[in-house]
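Novice: Pasting a structure below so you can have a look.
Values quoted throughout were computed directly from the atomic coordinates according to the rules given, and no laboratory measurement underlies them. These numbers come from a predicted model, not from an experiment. Every residue, glycine among them, receives a Cβ derived from its backbone with ideal geometry; neighbour counts consider all protein chains shown.
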Amino acid sequence: MSLQGKAWKFGDNISTDLIAPGRLFHLRSNLPELAKHVLEDADPEFASKVQTGDFVVGGSNFGLGSSREHAPTIIKLAGVSAVIASSFARIFYRNAINVGLPVIQCDTGNIEAGDLIEVDLANGTVTDITRNFTLTFPPLPGIMRTILEDGGLVAHLQKHGDFTLST
């Protein structure tokens, strides 16, 4: 799976409250409306200017805070193809995969806002086309890529049926 889009650069410690503002809690049952406000406390122009296929690029500890699934869901609904960050809060990372939003962990220090980025999930590469360099990350395990390709964990289970883990 190869993805291409523009980088939207954010710093360290982007919390779920910055992603999905708590003051808009009343919109949690209307996720398309909540997505119109995604990351507005970190960048007031992001939600209105992000284009389908673009990337959110963060620093360390992206997605810290509460475990609300709304945060990765509204990033995905805004059209973002993946989040690339130096590190992720564990629950955000898992929630993102569960809702079908790819999350890539690699050094993002040299990626600049507006750069054209290409991500290859199978081969584990992030190529900054604008600045002509490639970063590597451990390729996502096959099951995680399948869950993402199916649109998230619920869609994956609907497509493949329930499963049991064997030892």
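Novice: When Rg is the radius of gyration of the Cα atoms in segment 37-107 and Rh is its Kirkwood radius, what does Rg/Rh come to?
Specialist: Rg/Rh: 0.92.
Novice: Could you name the aspartates and glutamates whose alpha carbon sits less than 17 Å from that of Lys36, not counting residues in the same chain fewer than 8 places away?
Specialist: Output for Lys36: Asp17, Glu45, Asp54, Glu69.
Novice: Which loop GluC sites (Glu not before Pro) in segment 1-84, with loop taken from DSSP, have no more than 16 other Cβ atoms within 10 angstrom of their Cβ?
Specialist: Glu45
Novice: Taking the chain on its own, what percent of its Cα-Cα pair distances exceed 26 Å?
Specialist: 24 percent
Novice: Dipole magnitude of segment 2-160 about its Cα centre, charges +1 at Lys/Arg Cβ and -1 at Asp/Glu Cβ only, in debye to the nearest 20?
Specialist: Dipole magnitude for segment 2-160 comes out near 440 debye.
Novice: Quick one: order Leu116, Leu140 by neighbouring beta-carbon count within 10 Å, fewest to most.
Specialist: The order, fewest Cβ neighbours first, is Leu116, Leu140.
Novice: Estimate the FRET efficiency between Arg28 and Gln158 by the formula 1/(1 + (r/R0)^6), using the beta-carbon distance for r and 25 Å for R0, to the nearest 0.05.
Specialist: 0.65
Novice: Would you please give the residues with an amide H less than 5 Å from that of Phe88, counting only those at least 5 places away or on a separate chain, with H modeled from the backbone geometry?
Specialist: Asn61, Phe62
Novice: For Cα pairs less than 8 Å apart in space and 6+ apart in sequence, what is the mean separation divided by the residue count of the chain, i.e. the relative contact order in percent?
Specialist: Relative contact order for the chain comes out at 23 percent.
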